[in-house]
Structures are given as C-alpha cells and as structure tokens.
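Before any comments, here is the structure.
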Amino acid sequence: MKRYGLIGKSLKHSFSKSYFEDKYHRESIKDASYQNFPLEKIEDIKLLIKETNLSGLNVTIPYKTSVIPFLDLLSPEAKTIGAVNTIQFSSGKLIGHNTDHIGFHNSIKPFLENTMERALILGTGGASKAVVYALEKIGIKCLCVSRSPKEDQLAYDDLNEFVIKHHLLIVNTTPLGTRPNIDECPTIPYQFISDKHLLVDLVYNPEETLFLNKGKEKRAMILNGKSMLVHQAKAAWKIWNF
C-alpha cells in the first residue's frame, strides 16, 4: 500500500484528501491511501517521516517555505520559486517540487486577455511565489502587496486608482476569506475595479469569497482556487508515480 498525505497546520477543510480519495475510487486504485498529517511545528516532519512509511507528501500553509531545510534536493522550479508544495520520496531522498505554478497557470489560461500585462499579487507567502513565477514565465509583470512590504513591494495603503487601473489581473494569495472567516477580504480599493479586471482568489472554500463577490459587483471576471488545486494535484500524482 502506497501511503500519501498532506502536511500543514489546520487541515480540517483541506481539498487534497477528498480529491485523492475520489480519484482512488473513480479509477479503482486499490494500493494507495491518503491522510492528513497536521503538524504543530514544521520540525515534527522528522518524526512523521521516521514513523510513517510514506510514498509522497503535499505541503500547505504555513510550511511551503519552512519545509525546505528538511529536504535533500529541490527541483529547479522549486529552487527558483523558493517554495515547495509536493515532496517526492525517491531512493531514500526527499525531493521538493512545486506544482502550484502549474496549477495556477493551467487554471487561469482560459481567462487571460492580451490587456492583462500586469498583475497585482496580494500576499507574499509560498503560494504568492508560485503565482509570480507562473505569471512572469508568460510575460506578465507582477507587483506584490504586503502588510510588511520589502523593496519593490507595496503596502495596502499604497493602493489607489492608478495602481488598480493599471493592474487588470489581481490575485489574492492570502488566506483571508477562508471559511469560517467569510466576512474577511483584502483591504484594496474595490471601487476602482472594472469589467476589464480578472480577480482570482486562491481560496476555494467558500466558492465565492467576499473578495470575489466585491469584484463581481463591479462586473469583473472572477475565478476561485478550485481548478488550480485540481491541476496541481494532477501534477503531484505524476511526480509520485511516473
């Protein structure tokens, strides 16, 4: 029996377990199981690996960057992005991969328009790094927004009509708005959103976050994170099994 799983902190509403269990049932895969492994701190991964015979892991918030020191190797993409969401167990080595960038690119591809030359990325965590990598790879310039901005980043207070109107793709990579905190959303000037915008929220539970709802009210196109998760999970399965 091949054993896979997800590490993170709060995993009650995680997508991965239900996705892979449905996959096993749908495709009559009998020799695989999938389990959530909530870790209080990332150092607990050492004991998990020692005590559990694993064939592969997914990684979610808040460990996509802090897991890196516990791995033996990184794929070129994971190294460039600086974040890992998939761990391959190969010949006694732990190899970190990033399939988030694949999932994000495949999910937004049908919605992109030529006018979307610049993207505003809300948040600077591990998911944000994968989004920036995916967009810059296809020639879209990214500007990140943070509560504690570094050089070449903006604070939320810096956002104004000019910034919003010149960034027709806006991506929320923060967990704001995730159930049960459905009344939360990033503090951006939504009054400047237009029908030329595409708002993408990596949150998928609820299906329509307050962030997306505010965009819809301004007739923007909206997309949640469900399709990204499906695409990144497919890529993870290929890494583990091919």
Kirkwood Rh in Å, taken over all unlike Cα pairs in the stretch 78-166: 14.4 Å
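If you take every DSSP beta bridge fully contained in the chain, what fraction is antiparallel? Give it as a percent rounded to 5. Each step should come with its number before you reach the end.
Values: 8 of 38 bridges.
Bridges in the chain are about 20 percent antiparallel.
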Of 27, 161, 40, the one that fluctuates the most in a GNM where the chain has Cα springs shorter than 10 Å: 27
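Based on DSSP, what percent of beta bridges with both residues in the stretch 102-227 are antiparallel, to the nearest 5? Spell out each step's value before the answer.
Values: 0 of 17 bridges.
Within the stretch 102-227, antiparallel bridges account for around 0 percent of the total.
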Computed helical MRE - 222 nm, the chain, DSSP H runs ≥ 4 contributing -39500 (n - 2.57), nearest 500: -9000 deg cm²/dmol
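Is the shape of the stretch 1-62 rounded, prolate or oblate, going by the alpha carbon gyration tensor and its root eigenvalues a ≥ b ≥ c, with a/c under 1.5 for rounded and a/b larger than b/c for prolate? Write down the numbers at each step before the final one.
Details: a/c = 3.39, a/b = 1.46, b/c = 2.31.
Oblate, since a/c reaches 1.5 and b/c is not below a/b.
Arrange 25, 231 by Cβ neighbour counts within 10 Å, fewest through most, would you? If you can, show how the numbers build up before the last one.
Details: 25 9, 231 19.
Fewest to most other Cβ atoms nearby, the residues stand as 25, 231.
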Lysine pairs within the stretch 102-227, Cα separation less than 20 Å, 8 or more sequence positions apart or different chains: 22
Cross-link partners of residue 238 among aspartates and glutamates (Cα-Cα below 19 Å; sequence separation of 8 or more within a chain): 21, 22, 27, 31, 77, 100
Ranked list, fewest to most other Cβ atoms within 10 Å of each Cβ, for 201, 72, 152, 100: 152, 72, 201, 100
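Send over the per residue convex hull volume for the stretch 137-242, Cα only, as a whole number of Å³.
Numbers: hull volume 14.6 nm³, N = 106.
It is 138 Å³ per residue.
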Per-residue Cβ neighbour rank within 10 angstrom, fewest leading, 71, 229, 47: 47, 71, 229
Rel. contact order, % - alpha carbon contacts under 8 angstrom, at least six apart, the stretch 2-98: 29 percent
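No lab work stands behind these numbers, since they all come straight from the coordinates. In this text, all values refer to a predicted model and were calculated from it rather than measured experimentally. Ideal geometry is used to build each Cβ from the backbone, glycine not excepted, and the neighbour counts take in all protein chains shown.
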